[in-house]
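Have a look at the structure below, then the notes.
The values are calculated or read from the model by the stated rules, or taken from the named source; none is laboratory data. Bear in mind the structure is a predicted one, so any value in this text is a computation, not a measurement. Here the Cβ positions follow ideal geometry from the backbone for every residue, glycine too, while neighbour counts run over all protein chains shown. Note: accessible area is taken over every heavy atom of the protein model, side chains too, but ligands, DNA and RNA are not part of it. Shrake-Rupley method; radii C 1.70, N 1.55, O 1.52, S 1.80 Å.
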Amino acid sequence: MSDFGFLNTHRTWEDWCGMLLGALIVASPWFPVQDHETIVGHQAVILNTVAVGLVVFGLSQLEYVALQRWQEVATILVGLWLIVSPYVLGYSGEGFLRVYHTSLGALVVLLGILQLWQDWELSDQDMLKHGQ
């Protein structure tokens, strides 16, 4: 019988996945399937996407270096913002960018929830040992 024990510990590959997700979020307005004419007039959308991607990337780097719970909570909140941003910023009807942001935001939220669950009962000293 398979045991999911490897999911009980916060591992550094999860932080690398977060960094990859951040880079994908930054690049998402320019994905090949995207209709580029609809993005040209939406500078706020591009600015929001780049900012969210950089925040996800930066939080994942912080988790890799010095793990703390607030980073995981912030990751979840930023992922939730990415999910609702197409509706708040008014580009929900514009094809694949809404799908990209909803999907990538959901992955960020799931990764943040997994990491928070893994680190919930760790002491501050145990969290400082992350990655060593």
**OP:** Look at the range 96-105 and say how many of its residues are open to solvent by 40 Å² or more (accessible area, probe 1.4 Å) and not charged (D, E, K, R).
**Re:** 5
Original post:
Which one of these is open to solvent by 70 Å² or more (accessible area, probe 1.4 Å), closer than 16 Å to residue 109 by Cβ and at pLDDT 60 or above: 24, 54, 20?
Top reply: 20
Original post:
So which residues in the range 106-121 are without any contact (Cβ under 8 Å) to a residue 60 or more places away in the chain and open to solvent by 50 Å² or more (accessible area, probe 1.4 Å), if there are any at all?
Top reply: 110, 113, 117, 120, 121
Original post:
Which pairs do you get when a residue that is of a type in the set (Asp, Glu) and open to solvent by 30 Å² or more (accessible area, probe 1.4 Å), found in the range 61-82, comes within reach of a residue that is modelled with pLDDT under 95 and in a helix (DSSP H, G or I), reach meaning Cβ atoms under 6 angstrom, with the pair 6+ apart or on two chains?
Top reply: none
